[in-house]
Every structure is written in C-alpha cells, then in structure tokens.
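Have a look at this one.
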Amino acid sequence: MAAELLRVAVIGTLGGDADVIVVGPDPARRLPGRGASLHPDLGCYTLAEKRRAFGRALRVAGVPDTGAVREYVMALGTTGCAGTSPHSEEK
C-alpha cells in the first residue's frame, strides 16, 4: 500500500522565516525527518488541505505552505479520493 502513496516532508522554510514551513513531495522517500503520506490525487490533496492535516501529520506549528505538493499532484493528473487524509510516518 505504501507504494501507492506519495510521501511529503518538510523541505525548509520560506524566505528564512521559521514561521512559514514549506512542505514538498518526496516520491523517492529519501528526505530526512518526519513525513506524511497521501494518495497522489488532487481530491485527496484538497481534502487534506481543507482539514489542515499536513500540519498535524508533520507536527509543525501554523499552516504549512504545500504549494509544491499541489503542483506535483496536479502534474500527475489524477483525480478522485478515497476520503483519506495524510498519515504520519516516523523516520
């Protein structure tokens, strides 16, 4: 099942400001630190964003910038969702 999911992880901060955490896709599953997994389709991404699941799964304060994840998922061109949200994953 893990092979079907897209891993996302914190890739840095925006403009050096520690208050804006940037989350990006990690399809190779190689980025260090805590990750979260979601189905790589726009429906699941939108639902996770609406539920603010990325911050909880990655254990970061505030609302993370997930624009890179959205762009990646949109480039894949899949739609639909099984009604799930990101699942945290310890590293």
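Just so you know, all these numbers are worked out from the coordinates, no wet-lab data involved. These numbers were taken from a predicted model, which means no experiment stands behind them. Virtual Cβ from ideal backbone geometry, glycine too; neighbours counted across all protein chains shown.
Considering only residues that are without any contact (Cβ under 8 Å) to a residue 60 or more places away in the chain and crowded, with 18+ Cβ neighbours inside 10 Å, which ones fall in region 66-77?
Thr66
Let me ask something else about it. Scanning for something of a type outside the set (Ser, Thr, Tyr) and more than 20 Å from Gly12 (Cβ to Cβ), does region 64-74 turn up at least one residue?
Yes, region 64-74 contains at least one residue that is of a type outside the set (Ser, Thr, Tyr) and more than 20 Å from Gly12 (Cβ to Cβ).
Output the residues belonging to region 16-34 that are under 9 Å from the mean Cα position of the chain (by Cα) and farther than 20 Å from Ala75 by Cβ.
none
Picking from Arg29, Arg34, which residue would you name as being on the phi > 0 side of the Ramachandran plot and not small (Gly, Ala, Ser)? It would help to see each step written out before you state the result.
Working: Arg34 fails: on the phi > 0 side of the Ramachandran plot.
None of the other options fit; the residue is Arg29.
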